[in-house]
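The values are calculated or read from the model by the stated rules, or taken from the named source; none is laboratory data. What you see is a predicted model, and the numbers here were worked out from it, not measured in a lab. Counting neighbours? That spans all protein chains shown, and the Cβs are built from the backbone with ideal geometry, glycine included.
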Protein chains: 2
Amino acid sequence: MSDDSVVRPRPEAAVTLRPAAGGRIEGGFWGARQRVNREVTIPLGGERIRESGAFANLELAARGAGGEHRGKVFADSDVYKWLEAVAWERGRADDERLRAAYEEAVELVAAAQRADGYLHTHTQLTGRERYSDLASSHELYCAGHLMQAAVAGSRATGDRRLLEVATRFADHLVKDLPEDALDGHPEIETSLAELYRETGARPYLELATRMVTSRGRERLPLKGHHGPGIRQDRVPLRAATTVEGHAVRAVYLAAGAADVAAETSDRELLAALEGQWREMVATKTYLTGGLGSQWYGEQFGGPHELAPETAYCETCAAIGSVQWSWRMLLATGDPAFADLMERTLYNAVLPGISLGGDRFFYVNALRVRAGANPDDRRAPARGRQDWYGTACCPPNVMRLLSSLGHYLATQDGDGVQLHLYASGTVRAGEVLLEVVTGYPWDGRVEIVVRETPGHPWTLSARIPSWADAAVVTPGPAGPATGAGQGSLTADAEPGTYHRIRRTWRPGDRITLDLGIRPRLTSAVPRLDVARGQVAVERGPLVYCLEQADHPGVVVDDLCVASADLRDGTPIPGLPPEVVPVRARGRAHVHREDDGGFPYRTATAPQEPEHAGPIELTFVPYYAWANRGIGPMTVWAPMH
Amino acid sequence: MSDDSVVRPRPEAAVTLRPAAGGRIEGGFWGARQRVNREVTIPLGGERIRESGAFANLELAARGAGGEHRGKVFADSDVYKWLEAVAWERGRADDERLRAAYEEAVELVAAAQRADGYLHTHTQLTGRERYSDLASSHELYCAGHLMQAAVAGSRATGDRRLLEVATRFADHLVKDLPEDALDGHPEIETSLAELYRETGARPYLELATRMVTSRGRERLPLKGHHGPGIRQDRVPLRAATTVEGHAVRAVYLAAGAADVAAETSDRELLAALEGQWREMVATKTYLTGGLGSQWYGEQFGGPHELAPETAYCETCAAIGSVQWSWRMLLATGDPAFADLMERTLYNAVLPGISLGGDRFFYVNALRVRAGANPDDRRAPARGRQDWYGTACCPPNVMRLLSSLGHYLATQDGDGVQLHLYASGTVRAGEVLLEVVTGYPWDGRVEIVVRETPGHPWTLSARIPSWADAAVVTPGPAGPATGAGQGSLTADAEPGTYHRIRRTWRPGDRITLDLGIRPRLTSAVPRLDVARGQVAVERGPLVYCLEQADHPGVVVDDLCVASADLRDGTPIPGLPPEVVPVRARGRAHVHREDDGGFPYRTATAPQEPEHAGPIELTFVPYYAWANRGIGPMTVWAPMH
């Protein structure tokens, strides 16, 4: 198992934790998702990208004779993200089909590259001057995704051909990119930093640093009605107190800035990023972990502006959030970052792809109302789509799922830290751990030490902040170990790492019981869109009410009548392992005369009238819209 | 007083009511607004439009030699709307300055027109082929505004020069416009209908009819991610059950369709429009009358999707709503249309312009949160602006205020109907009424018959639907009149016309007392964004809480503690006649630890903690943001 981490800080980087050298998911919840990703989504993605013309663009560019560019200006990035997914899959288990697809695409990319290293098919085919419209052209955004794919190829397969393409491009940028050039869509910052990590070429880091630190000075030209904030060009990151503008751009930039801060030991920048992250979590994050409350500009709203039905929550923003949080976790070791990663993976990334792996959401709203207009192709009311004209999200999910094992664990001088729970193995230096769990359906996680050095080290297991009844049982184990490390069960504190230090022996095991059972969740008063309402969660999963489970009433009218929640039996049409949650509820009466002007003179807020009791069925939010499309809500009033 | 109505159905039109021949506002609330409009806004608008390059575009087009077009593709329409306002002002009271400005601009417009009648400076200056991009070019939209200005010029001043320009253009369109051509932005439909009304040229009506009835078949090319609904091209109007897409476009189209339905006696179309209007009022209208809940596409959201802070509520959409409702009122005589007109005028049109008449809102949100990002120039959090790059709203307000007198009253075979209350006079055939009122601050309205024919007729006075304590006192009058028409006070039913039929004599008067006092308003359960909340209204005015009146607390945290509302004393910084409303309130405690993840495990929705009592001050929503900019809300929780 090679060290194929997505993020691999240099030895001198200012980080608290370093990624475990190898994390491998085998079976269980995420194993099933990885299987579907490999067997269905990635092959399908290759086809869709071919149909979109993105490969044809590369072929035309390779011929060097011009021709019509198809798709969006960032079409190249679809190829690169898909290539990155293929590379990680080859690292998981290479096969001839994957190898051939990878090598064919890499040849094409290499052929399309100009002699001086430049590569952007839209610019090459249209003949537009390079770097003449960086606010919109996505030239450097595409370059960044090329670099990430190249790093993945190098780390996962040892094949350095794409890395050579990427470094040629990066060398060109270092040499020829106009001073102070910034891309309207950040992405290249984190990619240049990782390319530096992979190659040791410090000019890449210097270029990334320049881009991160020179941004926020209103240098990018304005477009449309938007101010500079939409492109994170209003306030320098070092001075910013919040995230703003286009959500994907914001979190990609922040991830790159975290890389720069780590590699340049820039503690001031890191502290600024941490403040922005905390403000984002406190005021601009949906319960699902989703980011971006405005369709207009695909951007963050103001603080506490988190209307569920108009949530944008682009799948890509969730992926960028995971990337940013992971880098902050490495830098600080604070479990809050892992908490958000987990919430986001289950409830903001995963909803972006159907259970079958072949249909996608671009926008992940927390509510769809009865009668919602499906006019826009991205409208959740239209249901999952086969693909999108702007196809950023599907291959982004592919590359994340393919590399998910890399995010399970870290190591430091003192031992190994487990952040996410999935059945599989973790390699960290001389340590090899095996994890066996039915998580997230079951809160029991067994951690078995398979290989260990002879000296003492600390095993740290994250206790999620929602796990208010977590216990840790060290054992049944091998031979008795250090003092106080018997087989007594210990309470574990939510939102911390439970740490056990001992001299471990192969076969030692500890068992976590994270106490997964359904619970109600409410929101602080300033979060007015959840006022008077509750949501259901169970373990790391956010649940929702879906029309399919409530015939005869409209989801819009449902409310929760009791805090007594129970696990339900499997639901036809969903995989049998999915645990629904049941509760007593009622429906508002939607009266005939409600058809008039909906505002009435009153002496108090209108008390809804209720019909008789209804059995409510909550299903995991990630699994919604897999049984047709209809009204859905995460939040429901409680009366 | 000539018959200078904005809308003047032909004698054979299928309408229930016809506009009064002359309505004149003198003094009072709207008189003051008209004075500011004439003395400040219209001169300032002329300057701003000149600075924008819109006049320069016309000059370049007149020279016929090409040149750089400045501003948006619809820049011409700014000139036309401003010209329309100037025309109506000349009708109210002509003066040399207005006449000169009008004639100079008309000369310029006439000079810019091509020999065959075509006129669109953007197309002329860029050399783009005519009608080759109607989904975006706004060629016909501009043509429509030209026609409306021309009709205003003809009716208000008798000067027919601009009408000649408009009819040349219309004749060209009738002859040369490609079959089935539709503009992406409806507007020309209502303009062609009115040009028909003014000239009697039936081909104009036929062209309008064709445009209204051929729309909704997905013929316009799609742009961006939007489906055909954004341009009202998804469903034919005759089959539609709701309004959808870009709100301004939707209501402009509906107004034009109402004109077509009236002039072609198309009862089926009228019934469809009425259904759409009622559905809009029931599910897609803000308490202010504002329309459009999505910034993205400036469009209507789904039913009950009416989040206050992300409300778009473009000033132009409110103006279009007034236009549509007025046409529906003429067609049906149903006071519900007048109710919405009044609500919209005070609370959705008027907020679009500052008290001083020199600053504007494009977007009229019902809430601005603490910390809201003013990145977009249209963001309400940025406060009112001097002007906008897309300057559709300011001159639209100008033309509406200048012509507001035309919307006060109607007539039918049986008498005169008063719909809006403003001090002034109404001429309807042989009847001349004088109205004296302190409305909307004071609910007392005196209606004096100044001229009358000798035979009996019915005076109908609208009792607004909010006026649950309205009384009508016939008298003190002249000599005693018909049976049952003594000076006894009678209760009047809200949401109806109170009708008094008698043989009137000059000097007869009746007095309405509409019982204006502050009241609380709530919303139906499906309108979840108002759940647990109340708003304050007083007469036709919607009120709001503004930061300026609540030092030491944040408006976001305020809640209403009592239904006991009282009129307050004048507020420094607002005109002395403005009546604030006071109530007992409290503030949520925004706790230190609210700075973390805002969602908590709970057994019920979180009950906010409150600090001690606070005296709340509500000010009319139209008057907000005239004392600096800060948080504001129309809805507040009640605890």
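Hey, could you check region B:75-102 for residues that are of a type in the set (Asp, Glu) and crowded, with 17+ Cβ neighbours inside 10 Å and say which is farthest from B:Tyr141 (Cα to Cα)?
B:Glu89
When you check B:Gly356 against the structure, is it part of a loop (DSSP other than H, G, I, E, B) and either free of Cβ contacts under 8 Å to residues at least 40 places away in the same chain or within 18 Å of the chain's Cα centre (by Cα) (or both), yes or no?
Values: part of a loop (DSSP other than H, G, I, E, B): yes; either free of Cβ contacts under 8 Å to residues at least 40 places away in the same chain or within 18 Å of the chain's Cα centre (by Cα) (or both): no.
The answer is no for B:Gly356.
With respect to A:Thr288, determine if the residue is assigned to a loop (DSSP other than H, G, I, E, B), surrounded by 24 or more Cβ atoms within 10 Å (Cβ to Cβ), in contact (Cβ under 8 Å) with a residue 40 or more places away in the chain and on the phi < 0 side of the Ramachandran plot.
Values: assigned to a loop (DSSP other than H, G, I, E, B): yes; surrounded by 24 or more Cβ atoms within 10 Å (Cβ to Cβ): yes; in contact (Cβ under 8 Å) with a residue 40 or more places away in the chain: yes; on the phi < 0 side of the Ramachandran plot: yes.
For A:Thr288, the condition - assigned to a loop (DSSP other than H, G, I, E, B), surrounded by 24 or more Cβ atoms within 10 Å (Cβ to Cβ), in contact (Cβ under 8 Å) with a residue 40 or more places away in the chain and on the phi < 0 side of the Ramachandran plot - is met.
Do you know which residues across region B:509-532 are modelled with pLDDT under 95 and among the acidic types (Asp, Glu)?
The one that is modelled with pLDDT under 95 and among the acidic types (Asp, Glu): B:Asp528.
Taking the condition of being outside any helix (DSSP H, G or I) and over 23 Å from B:Trp624 (Cα atoms), how many residues in region B:331-353 meet it?
Of the residues in region B:331-353, 2 are outside any helix (DSSP H, G or I) and over 23 Å from B:Trp624 (Cα atoms).
Give region A:409-426 a look and list any residue that's closer than 17 Å to A:Thr458 by Cβ and either in contact (Cβ under 8 Å) with a residue 24 or more places away in the chain or crowded, with 24+ Cβ neighbours inside 10 Å (or both), or say none.
Residues of region A:409-426 that are closer than 17 Å to A:Thr458 by Cβ, as a first pass: A:409-419, A:426.
Correct list: A:Ala409, A:Thr410, A:Gln411, A:Asp412, A:Asp414, A:Gly415, A:Val416, A:Gln417, A:Leu418, A:His419, A:Val426.
Out of the residues in region A:349-380 that are more than 16 Å from A:Gly320 (Cβ to Cβ) and of a type in the set (S, T, N, Q), which is nearest to the other protein chains (Cβ to nearest Cβ)?
A:Asn373
Residue under question is B:Arg231, and the condition is that it be within 21 Å of B:Thr242 (Cα to Cα), surrounded by fewer than 22 Cβ atoms within 10 Å (Cβ to Cβ) and modelled with pLDDT of 95 or more; does it hold? Working first, answer last.
Numbers: within 21 Å of B:Thr242 (Cα to Cα): yes; surrounded by fewer than 22 Cβ atoms within 10 Å (Cβ to Cβ): no; modelled with pLDDT of 95 or more: yes.
No.
(1) under 26 Å from A:Leu420 (Cβ atoms); (2) within 13 Å of another protein chain (Cβ to nearest Cβ): which one isn't true of A:Tyr346, the others all being true?
Answer for A:Tyr346: the failing condition is (2).
For region B:221-230, enumerate the residues that are at the interface with chain A (Cβ under 9 Å from one of its Cβ atoms) and of a type outside the set (Gly, Ala, Ser).
Selection gives B:His225, B:His226, B:Pro228, B:Ile230.
Do we have B:Arg526 as within 8 Å of chain A (Cβ to nearest Cβ) and touching a helix residue (DSSP H, G or I) at 6+ places or on another chain (Cβ under 8 Å) here?
Considered against the rule, which asks whether it is within 8 Å of chain A (Cβ to nearest Cβ) and touching a helix residue (DSSP H, G or I) at 6+ places or on another chain (Cβ under 8 Å), B:Arg526 comes out as yes.
Would you mind finding the one in A:Glu577, A:Glu546 that is in contact (Cβ under 8 Å) with a residue 12 or more places away in the chain, of a type outside the set (S, T, N, Q), in contact with a strand residue (DSSP E or B) (Cβ under 8 Å, 6 or more places away or on another chain) and not assigned by TED's automatic domain parsing to the domain that holds A:Asp491?
A:Glu546
Considering (1) more than 9 Å from chain B (Cβ to nearest Cβ); (2) farther than 30 Å from B:His226 by Cβ, say which one A:Gly320 fails and leave the rest.
In the conditions (1) more than 9 Å from chain B (Cβ to nearest Cβ); (2) farther than 30 Å from B:His226 by Cβ, A:Gly320 misses (2) alone.
Look through B:Pro43, B:Pro9 and report the one residue that is in contact with a strand residue (DSSP E or B) (Cβ under 9 Å, 6 or more places away or on another chain) and modelled with pLDDT of 95 or more.
None of the others qualify; the one that does is B:Pro9.
Sort out which residues of region A:561-580 are closer than 23 Å to A:Gly515 by Cα and either more than 31 Å from the chain's Cα centre (by Cα) or within 14 Å of chain B (Cβ to nearest Cβ) (or both), and write them in order of number.
Those that are closer than 23 Å to A:Gly515 by Cα and either more than 31 Å from the chain's Cα centre (by Cα) or within 14 Å of chain B (Cβ to nearest Cβ) (or both): A:Ser562, A:Ala563, A:Asp564, A:Leu565.
When you go through (1) within 23 Å of A:Gln606 (Cβ to Cβ); (2) touching a Phe, Trp or Tyr at 6+ places or on another chain (Cβ under 8 Å) one by one for B:Arg526, which number turns out not to apply?
(2)
Go through A:Val281, A:Val212, A:Val248, A:Val243 for me and flag whichever is at negative phi and touching a Cys at 6+ places or on another chain (Cβ under 6 Å).
Among A:Val281, A:Val212, A:Val248, A:Val243, only A:Val248 is at negative phi and touching a Cys at 6+ places or on another chain (Cβ under 6 Å).
When residues of region B:80-135 are filtered for being closer than 19 Å to B:Leu401 by Cα and in contact with a His (Cβ under 7 Å, 6 or more places away or on another chain), how many remain?
Count: 2.
Taking B:Thr310, is it of a type in the set (Val, Ile, Thr) and at pLDDT below 95?
Here the answer is yes, as B:Thr310 does meet what is asked.
What number of residues within region A:291-311 satisfy the criterion of being hydroxyl-bearing (Ser, Thr, Tyr) and either more than 7 Å from chain B (Cβ to nearest Cβ) or outside any loop (DSSP other than H, G, I, E, B) (or both)? I'd like the intermediate steps shown before the answer.
Step one: of region A:291-311, the residues hydroxyl-bearing (Ser, Thr, Tyr) are A:293, A:296, A:310.
Restricting the remaining residues to those that are either more than 7 Å from chain B (Cβ to nearest Cβ) or outside any loop (DSSP other than H, G, I, E, B) (or both) gives A:293, A:296.
Number of matching residues: 2.
For region A:231-272, which positions are within 14 Å of chain B (Cβ to nearest Cβ) and more than 21 Å from the chain's Cα centre (by Cα)?
A:Asp233, A:Arg234, A:Val235, A:Ala240, A:Thr241
Any idea how many residues of region B:596-625 are more than 10 Å from chain A (Cβ to nearest Cβ) and crowded, with 22+ Cβ neighbours inside 10 Å?
Selection size over region B:596-625: 9.
Residue-by-condition table, conditions (1) touching a Lys or Arg at 6+ places or on another chain (Cβ under 6 Å); (2) of a type outside the set (A, V, I, L, M, F, W, C); (3) in the same structural domain as B:Gly568 (by TED's automatic domain parsing):
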| position | (1), (2), (3) |
| --- | --- |
| B:Ala391 | no, no, no |
| B:Thr425 | yes, yes, no |
| B:Gly429 | no, yes, no |
| B:Val435 | no, no, no |
| B:Asp442 | no, yes, no |
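Could you say whether any residue in region A:161-169 is over 19 Å from A:Ala111 (Cβ atoms) and in contact (Cβ under 8 Å) with a residue 24 or more places away in the chain?
No, every residue in region A:161-169 fails to be over 19 Å from A:Ala111 (Cβ atoms) and in contact (Cβ under 8 Å) with a residue 24 or more places away in the chain.
I need the full set of residues from region A:323-336 which are within 14 Å of chain B (Cβ to nearest Cβ) and either crowded, with 24+ Cβ neighbours inside 10 Å or at positive phi (or both), in order please. Write out each step before concluding.
In the first step, residues of region A:323-336 are kept if they are within 14 Å of chain B (Cβ to nearest Cβ); the result is A:325, A:334-336.
Passing the criteria: only A:Ser325.
State yes or no: is A:Gly552 away from chain B (no Cβ under 14 Å), touching a residue at least 12 places away in the same chain (Cβ under 8 Å), small (Gly, Ala, Ser) and not in a strand (DSSP E or B)?
For A:Gly552, the condition - away from chain B (no Cβ under 14 Å), touching a residue at least 12 places away in the same chain (Cβ under 8 Å), small (Gly, Ala, Ser) and not in a strand (DSSP E or B) - is not met.
Given the conditions (1) in contact (Cβ under 8 Å) with a residue 60 or more places away in the chain; (2) surrounded by fewer than 17 Cβ atoms within 10 Å (Cβ to Cβ); (3) in contact with a strand residue (DSSP E or B) (Cβ under 6 Å, 6 or more places away or on another chain), and given that B:Ala636 satisfies all but one, which numbered condition is not satisfied?
Just one mismatch for B:Ala636, condition (2).
For region A:191-220, enumerate the residues that are under 28 Å from the mean Cα position of the chain (by Cα), in a loop (DSSP other than H, G, I, E, B) and more than 14 Å from every other protein chain (Cβ to nearest Cβ).
A:Gly200, A:Arg215
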